[in-house]
């Protein structure tokens, strides 16, 4: 499995992408990219890194990242933050348009920018590490229990005690290390950019969120901008630090050029969505089942293999729970067993339950954006169960039918002796003349019955009334 994922990642990494249009280098220009309701994945990471490289090579005034994300993978967020922190051009993160949010991984990216702004009706926060979702009791539940007094008396009173409560209750060294590392990272970023370090820590430890007005008051972002022109107007004359050098932004009257994702990046972003990756996996399984039970059709097998390969690519990006994969395999095995074992539907029910549980647990993350939607799981599981049972049932029943083609299909067939058989001659069977051999002499014109096939000759016997009485042809 791991080897397949590595090969797939290498394949997609080296497939050529369409080139971006080049902004004129002689004229000052502002570069704009947009992460529109997308999960932070290696694809988005590559998109941002490419945009920064292009802005540096073309000496852009600044790069504006219009951000709307529910979160994503911590490793991808770290890579983006690292590139922003070492950028040679000013990076402006603008949480926009209205209704957008910078959640989880989006918090780190926003705090890392030289200038951070938000549009009206947006929010930022809830930056707890994704990897904490798969182990033990969630941080939010422990904190709520502490606030309600459900823990030991005196424990968890006040905000200052909450991190200690989490550490004591969860008792997971791995989670504790991840939490401490993330807190240190986010506070370092906030300090470097002059943002509120205490709030940044609470966004990780307590999943706090702020509206755009609250974020400005708490010094999490610099200002609120109505739209892109208003953002550029407020940026004009602002100073930022680029590797120790003070740079003044001159954005008045400068054209803004938007660089969207390439078609290939958009495609990879779509298949990396948990719902799409799940559907690709299930369609791939279904296609292979149809191909294995009906060999020769080809299309279901080819389409199924392509879907599975795309799903594997998405799986090496998303936080997959391999125990859930085992549940899915068990569910398919139970469905297959239902066809051959009389269980009065119990095996099919067990298979459906395993498929549902495996689908729900497939991606281990506390963020809804990184989990498969139940509205996708239930119809897909029901469809897969019904189709699998029907296809496998027909395949098993077909194995019980007598063979009517090929050498096996000739056995028992009735023909006519074209010459005298004593012991060899020619017979006409199944529309063809065959060389035949018999242990009992058969005159020309008599009916014969095929006993067995040996290469290109037949062994026959006389077709007599006593054989008919025995139930033979």
Exercise for the section: Going by C-beta contacts inside 10 Å, put 259, 223 in order with the fewest on the left. Expected result: 223, 259
Completion exercise
Simple SL model, points at 7 angstrom along Cα→Cβ for residue 233 and residue 440; separation in nm is 10.8 nm
Handout entry: Using a Förster distance of 51 Å, the FRET efficiency for residue 184-residue 267 (Cβ separation, nearest 0.05)
Key = 0.90
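Once you have the Kirkwood Rh of the range 406-469 from its Cα pairs, apply Stokes-Einstein at 37 °C and 0.692 mPa s and quote D in µm²/s.
This corresponds to a translational diffusion coefficient of 292 µm²/s.
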Practice task
May I ask you to sort 209, 233 by Cβ crowding, counting other Cβ atoms within 10 Å and putting the fewest first?
Solution key: 233, 209
Practice task
Describe numerically, in nm with one decimal, the distance between label points set 7 Å from Cα along Cα→Cβ at residue 226 and at residue 353.
Solution key: 5.9 nm
Problem - Whole-Å distance, taken between Cα centres, linking the range 45-64 and the range 445-465 - result: 83 Å
Completion exercise
One finds the C-alpha centres of the range 65-126 and the range 251-274 to be spaced, in Å, by 15 Å
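Bear in mind that the values in this text are calculations on the coordinates, not laboratory data. If you're wondering where the values come from, they're calculated on a predicted model, not measured in any experiment. Every residue, glycine among them, receives a Cβ derived from its backbone with ideal geometry; neighbour counts consider all protein chains shown.
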